[in-house]
Amino acid sequence: MGIIKNKTNYLFLSLFLVYIFLYRMLIIPKFLKYSESITSVFLIFMFILSIMFYGFKKTTNTNFKKNVLRKVLKITGIYFLLIYFIGLFTGYLSNAYSLNPISIFNNIFFQIIIIVMIELIRSNFINYNKGDKRIIALLVILLTIFEIILNFKMEYISNTEAIFKFITSKILPIAFKNYMCSYLTYYTDFETSLVYSLITGLYKYLVPIEPNLDNLLISLINILIPFIIVMSVSKYRFNYDETRENIVSKKYVRKSDIPLIILLGILVLLVFGVGPYKVVGIRSGSMSPAINVGDAVLLEQNVSKEDLKENDIVAYTNKNNETVVHRIIAINKDGTYITKGDHNNTADKDYVSIDQITGKVKFRIPYIAYPAVYFDRR
């Protein structure tokens with residue numbers, strides 16, 4: 001029986017590998033226009049096959065499942081409320097997608113099929129193989145590769161910098177999301193991961209505006225939110241008494257969670273500039289080699305004239321309301337500053353006043369802002 005089960009699993013998973021190969025070698029070069037519809041048909045076929053191989057079983061502990069779903073919705077809802085509240089201060093951008101009903105339907109129709117089929121396939125496979133976490137881990141890896149390939153472009157591996165961007169902005173968020181969805185499915189059912197995937201995968205096609213946030217933060221959130229959900233559900237599961245279908249202790253925070261909570265809090269404060277310091281991503285090479293594209297710098301905010309001298313690197317807002325990070329090369333008698341990028345041949349055209357300076361660079365953090373640079377240049 002075990003041999004037959006293993007053969008069934010490997011046959012089923014190998015079909016994903018075959019499709020991944022065909023998708024890159026045949027569908028993308030010759031049938032790109034129909035790639036979503038072809039992928040939808042393939043996933044429907046795989047779902048039907050999963051029912052034939054594994055059956056369709058739902059969990060019976062509905063009370064636990066409902067409570068986990070509430071937790072996932074609460075964390076996801078708080079995330080959206082937070083970023084849109086911050087948008088009151090950073091501004092909003094118009095949706096890049098058309099909100100015409102026909103356009104919305106065209107944008108989300110195949111996306112819904114793909115998301116639903118993936119979660120149903122995940123559920124059938126996991127429910128059949130519960131207890132064998134190695135084969136489930138293989139499924140997680142394969143689904144991660146599958147989603148990465150669906151989002152892959154050749155320019156993502158054109159050079160070392162592009163590879164780093166691809167890892168941080170695509171591979172890691174997709175991997176964390178698939179781990180979280182598999183975790184939720186293992187301990188509840190497909191509904192929980194399905195609801196999360198639908199909300200996070202489709203909302204961008206439906207909202208009229210989105211907050212104008214730093215893309216570095218967005219990339220980090222796409223990695224952290226699945227981790228936070230898994231951590232929250234794990235603690236809930238640890239405290240859940242199955243015999244009473246209740247929570248033994250509603251207030252429980254492990255000591256090991258405290259450093260992570262503190263780190264996340266500090267990160268949010270730095271990104272949004274709450275307090276004396278702020279992190280800014282570098283999007284140009286004008287300060288190379290001292291500061292390169294994709295680096296981030298820590299700024300000391302609210303500096304005075306007494307804090308600044310020649311050779312200091314500062315961030316200032318130019319006439320186009322853009323943030324520029326350049327070096328002070330001279331100070332005029334009227335107190336204005338002459339600035340220049342180390343890589344530039346000439347000084348900046350306009351003098352900089354103290355009112356324009358938003359911070360003084362304390363140190364740089366190499367490479368960490370690559371996701372922000374990548375998204376801005378898409």
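The values are calculated or read from the model by the stated rules, or taken from the named source; none is laboratory data. This is a predicted model, so every value here is computed, not measured. Quick reminder, even Gly has a Cβ in these numbers, built from the backbone with ideal geometry, and neighbours come from all protein chains shown.
When you check Ser37 against the structure, is it closer than 17 Å to Phe146 by Cβ and free of Cβ contacts under 8 Å to residues at least 12 places away in the same chain, yes or no? Spell out how you get there, then give the answer.
Working: closer than 17 Å to Phe146 by Cβ: yes; free of Cβ contacts under 8 Å to residues at least 12 places away in the same chain: no.
Criteria not met by Ser37.
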Which of (1) in contact with a strand residue (DSSP E or B) (Cβ under 8 Å, 6 or more places away or on another chain); (2) modelled with pLDDT under 90 is the odd one out, the single condition Val274 does not satisfy? (1)
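Return the residue satisfying two criteria in turn: it lies in the range 321-369 and is part of a loop (DSSP other than H, G, I, E, B) and basic (Lys, Arg), and of such residues it is farthest from the chain's Cα centre (by Cα).
Going residue by residue through the range 321-369, those that are part of a loop (DSSP other than H, G, I, E, B) are 321-322, 332-336, 341-351, 353-356, 366-369.
In the following step, the residues that additionally are basic (Lys, Arg) were identified as 333, 349.
Numbers: Lys333: 48, Lys349: 38 Å.
Top of the filtered list is Lys333.
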Mind listing whichever residues of the range 1-55 are under 13 Å from Ile114 (Cβ atoms) and hydroxyl-bearing (Ser, Thr, Tyr)? Tyr19, Tyr23, Ser35, Ser37, Thr39, Ser40
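Kindly indicate whether Thr185 is buried (at least 21 other Cβ atoms within 10 Å of the Cβ) and closer than 26 Å to Tyr10 by Cα. Explain how you work it out, then say what you get.
Details: buried (at least 21 other Cβ atoms within 10 Å of the Cβ): yes; closer than 26 Å to Tyr10 by Cα: yes.
Against the criterion (buried (at least 21 other Cβ atoms within 10 Å of the Cβ) and closer than 26 Å to Tyr10 by Cα), Thr185 qualifies.
When the residues of the range 291-311 are filtered to those that are surrounded by 14 or more Cβ atoms within 10 Å (Cβ to Cβ) and within 12 Å of Asp342 (Cα to Cα), which remaining residue is modelled with the lowest pLDDT? Before you say what the answer is, go through the steps one by one.
Taking the range 291-311 first, the residues surrounded by 14 or more Cβ atoms within 10 Å (Cβ to Cβ) are 291-301, 303, 308.
Now restrict to residues that are within 12 Å of Asp342 (Cα to Cα): 291-292.
Working: Ile291: 91, Asn292: 88.
So, considering only residues that are surrounded by 14 or more Cβ atoms within 10 Å (Cβ to Cβ) and within 12 Å of Asp342 (Cα to Cα), the one modelled with the lowest pLDDT is Asn292.
Kindly indicate whether Ile114 is in contact (Cβ under 8 Å) with a residue 40 or more places away in the chain, part of a helix (DSSP H, G or I), over 21 Å from Lys65 (Cβ atoms) and not charged (D, E, K, R).
Working: in contact (Cβ under 8 Å) with a residue 40 or more places away in the chain: yes; part of a helix (DSSP H, G or I): yes; over 21 Å from Lys65 (Cβ atoms): yes; not charged (D, E, K, R): yes.
Against the criterion (in contact (Cβ under 8 Å) with a residue 40 or more places away in the chain, part of a helix (DSSP H, G or I), over 21 Å from Lys65 (Cβ atoms) and not charged (D, E, K, R)), Ile114 qualifies.
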Residue identified as at pLDDT 85 or above, among the β-branched types (Val, Ile, Thr) and surrounded by fewer than 16 Cβ atoms within 10 Å (Cβ to Cβ) among Ile141, Ile157: Ile141
Those helices (runs of 4 or more DSSP H) lying entirely in the range 28-101 with at least 3 residues at pLDDT 85 or above, crowded, with 17+ Cβ neighbours inside 10 Å and in contact with a helix residue (DSSP H, G or I) (Cβ under 6 Å, 6 or more places away or on another chain): 35-54, 62-90
Considering only residues that are under 26 Å from Lys333 (Cβ atoms) and not β-branched (Val, Ile, Thr), which ones fall in the range 276-312? Glu300, Asn302, Ser304, Lys305, Glu306, Asp307, Leu308, Lys309, Glu310, Asn311, Asp312
